[in-house]
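What follows is one structure encoded as C-alpha cells, with my remarks underneath.
The values are calculated or read from the model by the stated rules, or taken from the named source; none is laboratory data. Just so you know, these numbers come straight off a predicted model, no measurement behind them. Don't worry about glycine lacking a Cβ; one is built from the backbone with ideal geometry, like all the others, and counts go over all protein chains shown. SASA here: full protein model, heavy atoms, side chains in, ligands and nucleic acids out. Shrake-Rupley method; radii C 1.70, N 1.55, O 1.52, S 1.80 Å.
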Amino acid sequence: MAEFVVLRNLTAAPTAAPFDMAPSPRGLTEREAAAPEPQVEVLDLNHRGVREVAQDPTVVGIARRMPTTLIAPVEAREVSGVAPAADGPAWGIAAVGADTSARTGDGVVVAVLDTGIERNHPAFAGVQITERDFTGDGNGDRAGHGTHCAGTIFGRDVGGQRIGVARGVQRALIGKVLPDNRGGTSDMVFNGIQWAIQEGANVISMSLGFDFPGFVRKLEAQGFPIELATSVALEGYRGNLRMFDALMAMAAARDGFGGSPVIVAAAGNESRRNVDPRFEIAASLPAAAEGVISVAALRREAGGKFGVADFSNTFAQIAAPGQGILSAWLNGDTKELNGTSMACPHVAGVACLWWEELRQGRAVLPSARLVVTQMLATARTNLFTADLDIADRGAGSVTAPP
C-alpha cells in the first residue's frame, strides 16, 4: 500500500438517468457546459486499487503523494554580481518598471501558496487577508519565506522604503501549503491551488518545489534498494507532472467562465554556474508543468545590465530580479534574500498590474491567457549582458504596464 493523490473533476459525474444520454437542445450536456470543478483527495492504494480508481470517469489524475519543499534562499556568500543600493526602493521595483507604472493592482485578487504570512506586519496594513492552512500546523508564518514573497507582490512601504510591486492589491489569499519545517506533500499544493481558484484568485504565486531527491531518500529509509527507490520516485515525479498538467488544463478551461488565474512558479535554485558554467539544472515542478509561468532569477551587473543568477535554473519562460531582494520578514522586520523564490513574486506582482491594465474598458474580465501573452510579449530583452544564454532568461525581463 502507498499514498496516492487523486484529482477528480466533479462536473464529469453523471447527473442524468443512467440511459439518458441525449444531448441538450444547445448541443452540450449540462456537465459539458459547466466549468470544471476539481477535487483532491489522498487514498491508500495498492496496484489493483490504483487501476480501479483510474477507471472512475471523474478521475483525471492519480499520482504518488510526493514530498515538497520551499525553494530555499541562497546564501549571500554564494552569489556574485553588483550589490543593490542600501537606500531607496527595493531595486527590483524599478527593474520591472513598477515605480513608473500607472497601475497598482487595484481590484485584483492574488493568492500566495507558501509558508503562510505574518498578517500583522506593517507591509500588509489595510489588505484583506484570507488564510487557509493545508498543513496541520495552523495559520501564520514561522519560516518567513511566505511573508517575504507576499511583501514583494503587494507589500506596502515599510519605514518609508518601497518593497511591493502591486501596492494597490486589496485582497490576498494566503494558502499555507508548506509546514513550519518547510517540507510538505504534493496534495497540500494541489489543494491550495484548488482553493485559490474557488476563492476567485486572478494570480497565484508559488515559490516551492517538488522534492525528488528527498523522495528517493525517504524510500531508501523505508528499505527500498537505491535502484528501486529511484525508479519509484521517478514514477511519482512523472505522475505528479501529469497531475499538474491535468489541474492546469482544468484551470484553463475556466477561462470562458471568468475563473482562470495566472499561475506563476519559481524555476528553482539548483544550478551552480559559479562552480562550472555548464552546471545548469532545468526548471522543476511545479514550474515545469504546462500552463505554469516559470521564473528565472536575475542579478545586477555593472553598467546597469542584468545577468542570470548563478543558482537560477534554466529553461524558464520569463525572468525577474532575484538577488539582493529586500522584502518583509518576521517580527515586522525586512530582510534581503536571494533566489528564484524572490523572482517569482516580482512576476506575480507584475501580473496583477497587467490584469488591472487589461481590465480597463472591458465589459468582462480579461482572460488569464491574455494577461500571460501580454507579459511575455512586453518582456524586455535589451537589458542583458552580451553573453547571456536565451535559455537562462526566457522571453526576457518581466515589465509592468506603463
How large is the charge dipole for the chain, taken about the Cα centre, if only the Cβ atoms of Lys, Arg (+1) and Asp, Glu (-1) carry charge, to the nearest 20 debye? 560
Need the list of aspartates and glutamates near K335 for cross-linking: C-alpha distance under 18 angstrom, and skip anything on the same chain fewer than eight residues off. E75, E78, D87, D114, E118, D141, D157
Env charge @ L43, Cβ radius under 12 Å, K,R +1 / D,E -1, value -3
Residues with amide H under 5 Å of T334's amide H, sequence separation 5 or more or different chain, H placed in the peptide plane at 1.01 Å from N; which? W329
Average the reciprocal distances over every distinct pair of alpha-carbons in the stretch 40-130, invert the result, and give the Kirkwood radius in Å. 19.2
Whole-number accessible area per residue in Å² for the chain, which is evaluated in the context of all protein chains at 1.4 Å: 42
Mind listing the phi-derived Karplus ³J(HN,Hα) values for the stretch 267-273, rounded to whole Hz, using 6.51, -1.76 and 1.60 with θ = phi - 60°, and x for any glycine or proline? 6, x, 10, 8, 5, 9, 5
How big is the equivalent ellipsoid of the chain along its three axes, where each semi-axis is √(5λ) from the Cα gyration tensor, reported in whole Å from largest to smallest? 34, 26, 19
What are the equivalent ellipsoid semi-axes of the stretch 192-330, built from the alpha-carbon gyration tensor (square roots of five times its eigenvalues), in whole angstrom, biggest first? 26, 26, 13
At a probe size of 1.4 Å, how large is the accessible area of K335, to the nearest 10 Å²? 80
Putting +1 on Lys and Arg Cβ atoms and -1 on Asp and Glu Cβ atoms, find which of L285, T230, F244 reaches farthest to the positive end of the dipole of the stretch 176-310. L285
Any idea what the relative contact order of the chain is, in percent, if you count C-alpha pairs under 8 Å spaced at least 6 apart? 21
Using a 10 Å cut-off on Cβ atoms, rank the peptides 372-380, 290-298 from the highest mean neighbour count down. 290-298, 372-380
Please label the shape of the stretch 241-311 as rounded, prolate or oblate, based on the square roots a ≥ b ≥ c of the eigenvalues of the alpha-carbon gyration tensor (a/c under 1.5 means rounded; beyond that, a/b larger than b/c means prolate, else oblate). oblate
Of all accessible surface on the stretch 193-305 at a 1.4 Å probe, what whole percent is carbon and sulfur? 54
Distance between modelled label sites at I281 and E301, nm, 7 Å Cα→Cβ extension: 2.4
Summed over the other residues with a beta carbon less than 12 angstrom from that of S367, with K and R at +1 and D and E at -1, the charge totals +3
Under 14 Å Cα to Cα from K218, which aspartates and glutamates show up? Leave out anything in the same chain fewer than 8 places away. E3, E227
In the chain, which helices (entire DSSP H runs) extend 30 Å or more along their own long axis, judged by Cα positions, while averaging at least 0.0 on the Kyte-Doolittle scale? 226-252
Add -39500 (n - 2.57) for each DSSP H run of 4 or more in the chain, then divide by its residues: what number comes out at 222 nm, to the nearest 500 deg cm²/dmol? -8500 deg cm²/dmol
Please compute the modelled spin-label separation between T373 and E227, points set 7 Å along Cα→Cβ, answer in nm with one decimal. 5.1
